[in-house]
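Below you'll find the structure, written out as structure tokens, and then a few comments.
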Amino acid sequence: GRLKSSLIRTLALSNRGELARSGLLTTEHFFGIGAQERLDAGTLKSLARVLPLGTCEVTCHPGYVDDELLAISGQVGGYWVNRVRESELAALTDRSVQQEFRENEVALINFRHLPPTGDTR
């Protein structure tokens, strides 16, 4: 968890200039690698209270595991087909999480809303 998170942070920071030159969109901060398979409502509410200013990505893969996904699990691997998706979806749609986000002025956006990398607007 922490080692993987530190490695990703180091790689992202060291490649920020390259990202800016390439035009790829990215956030200023990245969270969630250390919380994989533990991203519940309590974790999200705690995170909402400590997020730094700027754009932050919280890595998660919310969704449903249905028969179609289970049928291809051998091809895509167990990481992509597990019940964690459903618990992350439940956490993200939990009303108390949404309230905590509002109270802490956390706005949910998608990558279309990001300024170009390196743009400090």
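Since every read-out is calculated from the coordinates, none of them should be taken as a lab result. What you see is a predicted model; the values in this text were computed from it and never measured. Here Cβ is always computed from backbone atoms with ideal geometry, including for glycine, and neighbour counts include all displayed protein chains.
For the pair Glu86 and Ser46, label points projected 7 Å from Cα toward Cβ lie 2.5 nm apart. At an R0 of 35 angstrom, the distance between the Cβ atoms of Glu28 and Leu69 translates into a FRET efficiency of 0.60. Ranked by the mean number of other Cβ atoms within 10 Å per residue, highest first, peptides 108-114, 90-96 order as 90-96, 108-114. The Thr93 and Arg21 beta-carbon pair, evaluated with R₀ = 41 Å, returns a calculated FRET efficiency of approximately 0.65.
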